[in-house]
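Structure first, then comments.
Laboratory data are not the source of any read-out in this text; all were calculated from the coordinates shown. Just so we're clear, the structure is a prediction, and the values are computed from it rather than from any experiment. A quick note on method: Cβ atoms are made from the backbone with ideal geometry, for glycine too, and the neighbour counts reach across all protein chains shown.
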Amino acid sequence: MSGPIDSKYDTTPLPEPEEPADGTAPEPSADNGKDLSGLVPEDKVAWDTPPSFNLDPKDVNSSGSNPPEPKPGPPSGNLRVDLASLRTGEKSMLVEAREAVAKYEEVRAHVASVKDTVFGQTAKDKADTGEGHTSLASGYKPPQEDSDNPFAPAAREFAAEMNPAMERALLQVGSALEKFGEYIALLNHSGQVYAHTDRESRFPPPPAG
């Protein structure tokens, strides 16, 4: 087996797993043999066009309880928000999100389609038909069915570790993309809040006298 290959893309590679002192095989991971595909999210970008800032903002309170009605505070100081720049940034991030989600979905679908075979788990040796075999006269009977390739058992052991690891990686990437989508939604919500504040702004009453 060849040694590790230095990669210019990965400057901090994971260390090689330590071999047990008694020479036995390392213990399998907690995910060994598990099917974690149910944890892998299927991501998509919900907005073709972000909602207008002219819409009243919806409550983003996630506690499930109704917060008390806020009391009016003192008049604020000068407030300036460039909603055009905010919209430009939001649209730019939506473009990036669509590209990232498309790539993620491509990888997710590819992993799901090949994970049961890609490592050689189902590799077979073809049955020998016996045609032209010189030892048939001595009573040799060639196998009549395809049999496991000698590397197939090792491939299945490797897949039992690698498949859950790949699905864990997809879970992390998919979850990060979902957080990215939540951030874009909060940006849109902020724009609606600023616009709502502007519409509800009032001049203070004139001084007495």
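Below, the figures for the structure above:
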{"read-out": "Nonlocal amide H pairs with D148, under 5 Å, H built at 1.01 Å", "value": "D125"}
{"read-out": "Mean Cβ count within 10 Å, highest first, over the residues of peptides 203-209, 102-108", "value": "102-108, 203-209"}
{"read-out": "Highest-first arrangement of 164-174, 89-99, 74-84, where packing means the average Cβ count within 10 Å", "value": "164-174, 89-99, 74-84"}
{"read-out": "Residues of type lysines that K126 reaches as a straight line, Cα spacing below 29 Å, ignoring anything fewer than 8 places off in the same chain", "value": "K115, K141"}
{"read-out": "Anchor K8: lysines whose Cα lies under 23 Å away (excluding residues fewer than 8 positions away in-chain)", "value": "K103"}
{"read-out": "In order through region 186-198: 3J(HN,Hα) via Karplus (6.51 cos²θ - 1.76 cosθ + 1.60), integer Hz, x for Gly, Pro", "value": "5, 4, 4, 4, 4, x, 5, 5, 4, 5, 5, 4, 5"}
{"read-out": "Cα-based reach from K124 at 12 Å (exclusive), listing aspartates and glutamates while leaving out same-chain residues under 8 positions away", "value": "E145, D146, D148"}
{"read-out": "Extension gain, A112 back to E27 (0.36 nm per residue minus Cα-Cα distance, nm)", "value": "28.0 nm"}
